[in-house]
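These notes are about the structure you will find just below.
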Amino acid sequence: MSVIASSKPALSRSRWLALGVIATGMLMVVLDGSIVTVAMPAIQDDLGFSPVGLSWVVNAYLIAFGSLLLLAGRLGDLIGRKRMFLAGVAVFTAASLLAAAATSPAVLIAARFLQGIGSAMASAVSLGILVTLFTEPRERAKAIAVFSFTGAAGASIGQVLGGVLTDALNWHWIFFINLPIGLAALAVAVPVLPADRGLGLAAGADVIGALLVTAGLMLGIYTVVKVEEYGWTGAPTLGFGALSLLLLAAFIARQATARTPLMPLRIFRSRSVVGANLIQVLMVAALFSFQILVALYLQKVLGYGAAKTGLAMLPAAAVIGAVSLGVSARLNARFGERKVLLTGIVLLIGTLGLLIRVPVHANYLTDLLPVMLLAAGFGLALPALTTLGMSGAKEDDAGLASGLFNTTQQIGMSLGVAVLSTLAASRSDGLLAQGKSRAEALTGGYHLAFTVGTGLLVAAFVVAFTVLAQPAPKPTAIVRKNADPAASPATVA
């Protein structure tokens, strides 16, 4: 009896250490995405990128990351989520070393593509590992809050860190910094992550389905990121977009008839899963205008530097962290994820709503600080949305559900970049043609993007209110059929 009692604290510590490893992997991915944007001018000057070529420093990563998440998540279920996570962190760390040592545009773009592959492998299974580690509802809510905070705050930290490293050292260090983080994550992950053997490739070795979904997503994301160059009605956009939809439709048809489908369609029977993923596309697309366009407004209109921009947005990260870590789990347990999600979306509507009227000569304390504080809605919405998105995940499908949730996040981000940045640029060009000053024209373009973003959040609220009309079932304990009992700290139902 004493042996059992003494083992429980050790198992509990192991689970929270495992959560720390998962959060660290998430932090690397998010930091890498935001830290690069700050260093782009320095990279262009040093390596001689053309303006069009420079965009591929971001696009190569996004295409690899977004298109492989679904496949990596399902492969994690088949070969073991721990193996997939470790392999992903290893690939990402090695690719970071290659990026840091790059001396030509081609090498850096190839390294960024490899980083995207590693990020997809690690990120796709992170939530799947989390929900099998934390099976008790209250603990799971706390773990998801920590995970959500890591992603939300990492973007703001990345902007500050990117500016500091680039100014104090050089752009190479934005990639070198991943090496100690990645190696430490691997060293801790090996002993603390639960060992799982997976279902075996025979349970879902649908090669044709894998090719269809990967090609369809890759082509679709490529189409979206090139909209600014070709336009929405350009022949490449319409042609590639139609082909992408055709490939994804063929993938769905294949999954309905395949003997061992890569993505069993039963995952879409959950109303909460479908609703949460649809809401995420709308919400993430809208919040692109907060994360990126506010930073551009601070720099291009108000004249802030890179480091000052990051510091100006730091209050948003602070309130998001305070809400997601401090109160979101308790509110979800008391009122249910649906009500908390709706409240968070309302606060976010207020955030973008205030930005619609932000002036050219803004005062930070009166015009922008209230916006940063209302971003606390993200700390409410994201943990609740993540819980709903994973609520229908069974042991055999946890990696798939995690990959799907991350895929819709990337789709939302890509659509936000394409739609809102294109609208803002078009509106700014029109105002410049009317004789407005550069600052007035840029501000007018951002106003339009904030207005559309607010509309997307209103649509997300409507979906949450209608599709999620029934309370989501509370998570139940998951039986770990294939886990090594000695290595797994998960509770058995």
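Here the calculated FRET efficiency for Val207 and Tyr230, from their Cβ-Cβ distance with R0 = 35 Å, stands at 0.65, rounded to the nearest 0.05. Inter-label distance, Leu265 to Ala106: 4.5 nm, where each label sits 7 Å from its Cα along the C-beta direction. Inter-part distance, the range 360-390 to the range 46-121, computed on C-alpha centroids, equals 29 Å.
The calculated P(r) of the range 206-261, using every Cα pair and 5 Å bins from 0, goes 4, 23, 26, 18, 12, 9, 6, 2, 0 in percent.
Solvent-accessible area assigned to carbon and sulfur over the range 12-194 amounts to 74 percent, based on a 1.4 Å probe.
Fully extending the segment from Ala318 to Ser50 would add 92.8 nm, taking 0.36 nm per residue of separation and subtracting the current Cα-Cα distance. Each Lys and Arg contributes +1 and each Asp and Glu -1, all at the Cβ; summed about the Cα centre of the range 12-194, the dipole is approximately 760 debye. Only protein atoms count toward the accessible area here, which uses a 1.4 Å probe; on the range 206-261, the carbon and sulfur part of that area reaches 73 percent.
Per-atom-type breakdown for the range 268-343 gives carbon and sulfur 63% of the accessible area (1.4 Å probe, protein chains only).
Computed on the range 269-470, with alpha-carbon pairs under 8 angstrom and 6+ residues apart, the relative contact order is 41 percent.
Solvent-accessible surface of the range 269-470, taken per residue with a 1.4 Å probe and all protein chains present: 38 Å².
A straight chain from Leu98 to Leu354 at 0.36 nm per residue would run longer than the Cα-Cα distance by 87.9 nm.
Karplus-based coupling profile of the range 437-447, in residue order and whole Hz: 5, 4, 5, 5, 5, 4, 4, x, x, 5, 4, with θ = phi - 60° in 6.51 cos²θ - 1.76 cosθ + 1.60 and x standing for Gly or Pro. Modelled spin-label separation between Ala242 and Leu169, with each label point placed 7 Å from Cα along the Cα-to-Cβ direction: 5.0 nm. About its Cα centre, the range 269-470 has a charge dipole of approximately 260 debye under the convention of +1 per Lys or Arg Cβ and -1 per Asp or Glu Cβ, with nothing else charged. Note on Thr422 and Arg197: with the Förster distance fixed at 35 Å, the Cβ-Cβ geometry gives a FRET efficiency of about 0.15.
Placing pseudo-labels 7 Å out from each Cα toward the beta carbon at Leu186 and Arg330 gives an inter-label distance of 4.1 nm.
The values are calculated or read from the model by the stated rules, or taken from the named source; none is laboratory data. Since we're looking at a predicted model, the values are computed, not measured. FYI the Cβ positions are ideal-geometry reconstructions off the backbone, even for glycines, and counts take in every protein chain you see. Surface areas here come from the heavy atoms of the whole protein model, side chains and all, with no ligands, DNA or RNA. Shrake-Rupley method; radii C 1.70, N 1.55, O 1.52, S 1.80 Å.
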